[in-house]
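Notes follow the structure.
Every number here is computed from the coordinates shown, using simple stated rules; none is lab data. Since the structure is predicted, the reported quantities are computational estimates derived from the model, not experimental observations. No Cβ is skipped: glycine too gets one built from the backbone with ideal geometry, and neighbour counts run over all protein chains shown.
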Amino acid sequence: MRSKRFLVVSSVFLFSILNVLGQWGSVNAFNSSTSFVKTRGSNFVLDGRPVYVNGFNSYWLMVLATDPKDREKVTSVFEQAAAHGLTVARSWAFNDGNTSGALQTSPGVYNEEVFKGLDFVVFHAKSYGIRLILSFVNNFKDFGGRAQYVQWGRNAGLNIKSDDDFYTNPTVKGYYKNHVKTVMTRVNSIGGISYKDDPTIFS
C-alpha cells in the first residue's frame, strides 16, 4: 500500500514538473509580449498563440507599495516569482473605509498616495513579465469589502437590510461601479498609461 501511495504522489509531482517545463514557452511569451492576453474558446491566447498561466496571490502589494520604504519588498516578490516561472499575480485594487492606508476613503474619494502605491505595483510587474489580476472588492469585511459599501449607503440614509443589498441597491451598486471606472481610467503616475490600456493587467 505504501509503495502504491508513493508511486501516485511521485507521478503527480513528476507531472507537475513536466507541466511547468511544458509551459516555459508561455512564460517567455508573457515576458516578451506587449499585447493583451485574450480568449479564444476555452483558451487564453497571446499574440494568437495559446498560453498557460502559473499564478500566485499577493493581495497586499498595494499596501506595501504605498510606503516608499517597503517598495523593494514588492519588487523582490516579482523578482522571485519570475525566477520560478510564475506569470500572473492576483492583488487588491481596493482598500475601503476610514482605516489607515485606505484607497477609497468614502464613495468616490481617493487617497492619491495609496493610488501611487498601486501605480508602482502595476508599473513594476511589467518589468518582471508579471501580469496582474486586480480585484475591486472583497466579499468579506477585510479591507472594507461589500460591508463598507452598504455602510456608506446606510450613512447616506438608504433603507438597507443586509450586506447582500450590495448586489441590488442602485445607489450602492453605483458606488461600486464608480470605483471600477475610477481604477480602469486611472492614468499611471509612473508609466503614464491608463490601466484599461495597459496589457500588464491580465483581468
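Brief remarks follow.
- Shape class of segment 54-197 from the Cα gyration tensor (axes a ≥ b ≥ c, square roots of the eigenvalues): prolate, since a/c reaches 1.5 or more and a/b is larger than b/c.
- Entries in Lys69/Lys196; Lys126/Lys196; Lys141/Lys177; Lys116/Lys161 that, when Cα-Cα distance is taken, lie over 25 Å: Lys69/Lys196; Lys116/Lys161
- Thr75 paired with Ala156, simple spin-label distance in nm, labels 7 Å along Cα-to-beta-carbon: 4.1 nm
- Here the residues Met62, Met184, ranked from fewest to most Cβ neighbours within 10 Å of their Cβ, fall in the order Met184, Met62.
- Phi angles of segment 54-59 translate, via the Karplus equation with coefficients 6.51, -1.76, 1.60 and θ = phi - 60°, into HN-Hα couplings of 10, x, 8, 10, 9, 4 Hz per residue; Gly and Pro are given as x.
- Between Asn95 and Leu103, Gln104, the built amide H atoms are under 5 Å apart, and every one of these is 5 or more places off in sequence or on another chain.
- Cα convex hull volume per residue for segment 95-172 (Å³): 100 Å³
- A protection proxy built from the mean count of other Cβ atoms within 10 Å ranks the segments 154-163, 48-57, 194-203, most packed first, as 194-203, 48-57, 154-163.
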